[in-house]
Amino acid sequence: MKKIVFSLTTALGCITDEYFTFKYVCDYPEHGPEFYGFPFVQETNTSWIFSMSGEIYLFGFLGNLVFWTLFIYILVVRLHKIKGKLAQKIIPVFGWLIMAWSMLVSFVYFGAIDWRLNYTHDDFKINYYQSHIACERQFLWIK
């Protein structure tokens with residue numbers, strides 16, 4: 001059970017801190033928002049309202065949470081099989097540090113920004129444009 005809770009908390013921290021993410025820059029006639037998420041689009045950086053607002057896309061966010069939880073859980077199970085006294089002492093210390101960092105980042109992420117929830121993005125049209133919007137995807141290590 002501890003491995004599942006750790007994996008879920010760490011996955012939430014990875015999603016909210018955006019360590020590995022795709023940045024979608026779209027060619028809007030006017031200046032529009034940029035989209036982020038890995039492997040699914042989960043949010044905009046800002047909306048057209050003000051700089052501390054954005055939109056979270058629920059399907060992308062939950063999909064990313066499931067993806068990263070499974071990835072981290074598999075990694076934790078593999079690390080748990082490491083033998084040795086030093087490794088068995090270092091792994092829990094790093095685990096607690098990662099978990100504390102993940103909770104702090106998630107708290108700031110949801111508390112500092114005015115998020116609006118949508119189920120999914122509509123091919124980057126933002127319920128405004130009728131034609132297809134061309135977007136370029138770039139991989140970012142840290143946003």
In order over segment 10-16: 3J(HN,Hα) from phi, Karplus 6.51/-1.76/1.60, θ = phi - 60°, whole Hz, x for each Gly or Pro, gives 5, 4, 4, x, 5, 5, 6
With Ile72 itself left out, Lys, Arg at +1 and Asp, Glu at -1 over residues whose Cβ is under 14 Å from its Cβ give +2
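Every number here is computed from the coordinates shown, using simple stated rules; none is lab data. Quantities reported herein were computed from a predicted structural model and do not represent experimental measurements. For neighbour counting, all protein chains shown are included, and Cβ atoms are generated from backbone atoms with ideal geometry for every residue, glycine included.
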